[in-house]
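One structure is given here, and the rest of the page talks about it.
Each reported figure results from applying straightforward, stated rules to the coordinates on display, with no laboratory input. Everything numeric in this text was worked out from a predicted model, so none of it was measured. Cβ placement follows ideal geometry from the backbone for every residue including glycine, while neighbour counts extend to all protein chains displayed.
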Amino acid sequence: MNEGRGKKCLRDLAVAVPAVVLAVVAGLFVVDAVGRPDHAIPGASPVGPETIVIAPRTMTYRADGDFQKNNYPVDAPLITSKLQRAFEIMKYQVSTTDYERCVADGGCQPAETLPHNHDASAADAPIVGVSYDDAQNYADWLSRKTGEIWHLPTDEQWAFAAGSRFPDDALGVEDDAATNPALRWLRDYEKQSARKLDRNPARRPAGAFGVNELGVADIAGNVWEWTQTCHRRVNIDAYGKQIAEMPSCGVYVVNGKHRAAMSSFIRNPKTGGCSVGVPPDNLGFRLVRDNRWHVVMWKRIQNIGA
């Protein structure tokens, strides 16, 4: 008899505890909504930035990082990654107008003024001359103002959003370079020379570089985009198996026409970077909106009374 009553109590608890938790969470959301009714950015669209949903799929692309085999630089391996769940990413890079709202509100530092910044007169030209730290500050500000969760994409998310425009930086000389390292140096020199000829840092209006097959605009234009992925150096053995990895958080992957690595405080790519070669034309960013219910719920709980 006692055993039966015990089982019944456990069943009742199994139903009651989740119900109580849901009720508390719902109450928190109501309190948050009543106590902080105005999340809108002054002058911004009530629907927020335009986003594109990137659906789950499988994609093969180059891994991020600097790879070495037997102490010689080699191409990063091709990896096949499966996107497990859809995510939303801004269709356009964050514009000058939107970034300046953050500056006016005290949430962001003004972008660095670069000579070619004046080449774009359109108000929606992408903001450039911003660091990783600036991008993080903007994401935090936008999250506070909208009550949503915004963050920089990971390198993987950026790759899936870039689709067919994701760059392949491979030199393709692994076999020959093992016996003659000069071959890799020559191939790299040729690629860097071509990149120099292709440089054009003058800003263009949003959408000037078109959209990819997924509807994401200006991928691989002349604005490289910050990601939240730390740069890394990777050692692999003769069979391509990873044997050591040295991440360098404080230095982050930036993606555009080619990959690069930049220290978090760099605004002008000409003044510093951690990758050898032609630097990016400009540094800007776009954000991902995180709609996972538990992330949104936890953020709301953290913001109660803030």
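Summary table
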| read-out | value |
| --- | --- |
| Most to least packed among 77-89, 251-263, 228-240 [average Cβ atoms within 10 Å] | 251-263, 228-240, 77-89 |
| Among 52-58, 284-290, the order from most to least packed when residues are scored by Cβ within 10 Å on average | 284-290, 52-58 |
| Relative exposure of L214, L283, L142, judged by other C-beta atoms within 10 Å (fewest first) | L214, L142, L283 |
| Estimated FRET transfer efficiency when R0 is 41 angstrom, pair Q242-D124 (beta carbons, to 0.05) | 0.45 |
| Residue exposure sequence - C102, C249 - by fewest surrounding Cβ within 10 Å | C249, C102 |
| Violating pairs (Cα-Cα greater than 27 angstrom) within the set K145/K257; K241/K270; K69/K257; K82/K257 | K145/K257; K241/K270 |
